[in-house]
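Take a look at the structure set out below.
The values are calculated or read from the model by the stated rules, or taken from the named source; none is laboratory data. Here the structure is a predicted model, which means the values were calculated and not measured. Quick reminder, even Gly has a Cβ in these numbers, built from the backbone with ideal geometry, and neighbours come from all protein chains shown. Ligands, DNA and RNA are stripped out before the accessible areas are found, and what is left, the full protein with its side chains, is counted by its heavy atoms. Shrake-Rupley method; radii C 1.70, N 1.55, O 1.52, S 1.80 Å.
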Amino acid sequence: MCNKYFFLFLAACLRMTALQAQDRQQLARNILADKQLDTVQAMAARLLAKGFNAGDGYPQVWIRDMNTFIETSCKVYNIDTIRKNLLTFYALQQPNGEIVDGYVLKGHVTWNDPNIYTSDMEPAHVGFKNTVETDQETSLIQAYAKYIRLTGDTAILQEVIGGKTVLQRMALSIQYLLKNRYSDKYKLLTGATTQDWGDVQVEGGATVDVDEHTHWAIDVYDNAMLVIALKDLRSFSTTNADKQRWATLEKLTATHIRKYLWDEQHQKFIPHLYVKDSPFPPDFDENKIHFHGGTAIAIEAGLLSKKEIAHVNQQMLENVKLSGAPSIGLTLYPPYPEGICKNSNASKPYIYQDGGDWTWFGARMIQQLVANGFVGEAYSEVQPMINRVIKNGKFYEWYGIDGKPAGSADFKGSAGVLSKAIDMLRSWAAANK
């Protein structure tokens, strides 16, 4: 009798497995047959073949942007030029190890920036930096890792700039963070209070620069970026001592992100952990806000389980539904209420970084859904992003909740992350057709 039920159970399991295989094959066929993916992929390649400035509204080369489109650039642009661009960032590294946000040719600074960075190692260019953010050093390390994985050019790590190799300069940049942007109490990186991954501080003041108004805070985005960069540094290291050094810091950072920033009860990351005090009134419950972009980067850093990924993805979909936004590119939800943030760019709900819809981060969530086996969800959730690129004929920087495009019309970050998401979907489909 037992054998009878066992074989019935086994047969049911085999039928279920066969159905699942059929579903995977059908999904794979749908992805491979989707001509809209081809169209967007081709559009991204054409845009990224034009160069490295962030977009038509941004003549500068920004590392936080370049990090997100370098993989497609390596397929459509001159590799030697990409290599020189990467090396320029370390040529502009400051004596304390700090990395600039980006650079332009000398004489091309047209936006009245009071803080211009120079270096004797790079006389042709000047740098600039939005100091409220803490992702420049980690973005640069990640960009090198992506470049090396695609080109195999490990020799770039031994290029000597100002008496130090690139690998030594990477270590110097991490030391800068640990000395200048680190909480010894929480063992996590700090930055100004911004909206998720944004580079506009909520207090106003100097807007994109740390000043006397700044409230120092800890968030998941900056720290997840550090975890990813430390994984890359570990892979670059040539000695066991260096590998262990970066592995120890990586584990410590990941552990403390979970300890201090993950809200187990609500299954979400808290927006900020304040080093001293909050910029917001006592009756404002900031923890009601979901930071979508930082959550996507946390998944990339390996900080969430598959069950937690499924849960936060459902939260994002629910937030999109409640807000009326076009896609899971919705930066955060609910938005900070009008007037609570003092900067004009960050004071109106659903404008710019306060609840705008950014493919630049939404497509990174799509990438992580694919990477973690949620391919059906990824293919479904990427559709609004694909459709609006085709409708508008451009890779806009962000969209309002009414779907109207805003910001730079040729935003390379959007093109890069969407192109990579399509590559990942296509790779999965080719293996499962």
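Please determine, in degrees from 0 to 90 and to the nearest 10, the orientation of helix 136-151 with respect to the longest principal axis defined by the Cα atoms of the chain, where the helix direction is its Cα long axis. Tilt of helix 136-151: around 60 degrees. Look at the alpha carbon pairs under 8 Å that are at least 6 residues apart: their mean separation over the length of region 25-160 gives a relative contact order of 24 percent.
For the chain, the fraction of 1.4 Å probe accessible surface lying on carbon and sulfur atoms is 54 percent. Ranked by the mean number of other Cβ atoms within 10 Å per residue, highest first, peptides 46-52, 326-332, 112-118 order as 326-332, 46-52, 112-118.
Overall, the anisotropy analysis places region 74-113 in the oblate class: the square-rooted eigenvalues a ≥ b ≥ c of its C-alpha gyration tensor yield a/c not less than 1.5, with a/b not exceeding b/c. For Leu178 and Ala49, the difference between the fully extended length at 0.36 nm per residue and the C-alpha to C-alpha distance is 42.8 nm. Mean residue ellipticity at 222 nm, helices only, the chain: -17000 deg cm²/dmol; runs of at least 4 DSSP H residues each add -39,500 (n - 2.57), and the sum is divided by the number of residues. Taking amide hydrogens as placed 1.01 Å from N in the peptide plane, the amide H of Gly127 sits under 5 Å from those of Tyr117, Thr118, each at least 5 positions away in sequence or on another chain. Backbone N atoms of region 415-433 closer than 20 Å to the 7 Å Cα→Cβ label point of Gln25 belong to residues 426-433. Projecting each Cα onto the charge dipole of the chain (Lys/Arg +1, Asp/Glu -1 at the beta carbon, about the Cα centre), which of Asn343, Tyr103, Gln244 comes out farthest on the positive side? Of the listed residues, the answer is Gln244. In sequence order, region 291-296 has phi-based couplings of 9, 6, x, x, 5, 4 Hz under the Karplus curve 6.51 cos²θ - 1.76 cosθ + 1.60, θ = phi - 60°, and Gly or Pro positions carry x.
For the pair Thr39 and Asn96, the difference between a 0.36 nm per residue extended length and the Cα-Cα distance amounts to 16.0 nm. Which entries in Lys251/Lys276; Lys187/Lys268; Lys129/Lys251; Lys84/Lys106; Lys146/Lys268; Lys164/Lys412 show an alpha-carbon gap greater than 22 Å? Cα-Cα > 22 Å for Lys251/Lys276; Lys129/Lys251; Lys146/Lys268; Lys164/Lys412; rest within.
When the Cα positions of Ser380, Trp358, Ala431 are compared along the charge dipole of region 358-433, Ala431 comes out farthest toward the positive end, with charges on each C-beta of Lys, Arg, Asp and Glu.
Using the average count of surrounding beta-carbon atoms within 10 Å as a protection proxy, the listed peptides 284-297, 243-256 rank, highest first, as 284-297, 243-256. Entry comment: accessible area of the chain is 42 Å² per residue, from protein heavy atoms only and a probe of 1.4 Å.
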